[in-house]
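Structure record follows, encoded as structure tokens.
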Amino acid sequence: MTTLIIIDQPPYGNWAGREGLDMAFSLAAFDQPVALLFTGAGVNWLRQGQQAELIAQKNVDRNLSAATVFGVDQLLADSTSLTRFGLAPVDLLAGVETVRFEPALLSSYSHVVCP
Amino acid sequence: MTTLHILNKSPDHPRFALCLAAVTGEDQLLLTENAVLALADTTLTLPARVAALAADMDARGLTGNGLSRYGVGFDHMVRLTTQASRIISW
């Protein structure tokens, strides 16, 4: 009964992506199995070296790299989007698994949410 | 497991293509709000099982050249939600 939350909005420009992350951590806090899938411009959340304080925002790399500690089971990133944005696995935060966005991937989740 | 995909994004919104990429097998696609414009978008190929809210179509004048066969009422929309084993709102 895992919930998959899809993050396809880029970081910081609007609140949709952050709301998705907050939803995931809230679900995890209540011991609900949850996974995060970053796709489209959303893969940019995973880029190392973000300095969000320069635009008066909070970095997410700490909570994302500690996602498993927070109870988020999987951090997934769509391979096509990673290539599109020039992100090699070495550029990503730790613990991110590369996958292909396709129906088979979604079928293993009972709930799919796209904030 | 059949999924009902409810899509309200305009065809050029990135999530429109994301939704189409997720539709498979017996899944049903329901176009609402701006997504009904996809019926008039000649560059798109929509999945076999596609329906659109008639009210949204009529609001946008999408009733000509046979498009009305895709139109469904709210009662039919509710029936679709009961038939699917999972619903994803894109």
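Tabulated data
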| quantity | calculated |
| --- | --- |
| Counted residues, the range B:18-45 - those being away from chain A (no Cβ under 14 Å), assigned to a loop (DSSP other than H, G, I, E, B) and surrounded by 16 or more Cβ atoms within 10 Å (Cβ to Cβ) | 1 |
| Residue match in the range B:70-79 (condition: within 14 Å of chain A (Cβ to nearest Cβ) and closer than 25 Å to A:THR3 by Cα) | no |
| Boolean, A:LEU27 is away from chain B (no Cβ under 14 Å), of a type in the set (A, V, I, L, M, F, W, C) and either surrounded by 13 or more Cβ atoms within 10 Å (Cβ to Cβ) or not in a helix (DSSP H, G or I) (or both) | yes |
| Matching residues in the range A:37-51 - criterion: being more than 14 Å from chain B (Cβ to nearest Cβ) and touching a residue at least 40 places away in the same chain (Cβ under 8 Å) | A:LEU46, A:ARG47, A:GLN48 |
| Sole exception among (1) under 19 Å from A:ALA94 (Cα atoms); (2) in a loop (DSSP other than H, G, I, E, B); (3) among the aliphatic types (A, V, I, L, M) for A:LEU37, by number | (2) |
| Single condition B:ALA54 does not satisfy, out of (1) touching a residue at least 12 places away in the same chain (Cβ under 8 Å); (2) farther than 23 Å from B:THR3 by Cβ | (2) |
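Values quoted throughout were computed directly from the atomic coordinates according to the rules given, and no laboratory measurement underlies them. Just so it is clear, the structure is predicted and the values come from calculations on it, not from any experiment. Because the Cβ atoms are built from the backbone with ideal geometry, glycine has one as well, and the counts that use them run over all protein chains shown.
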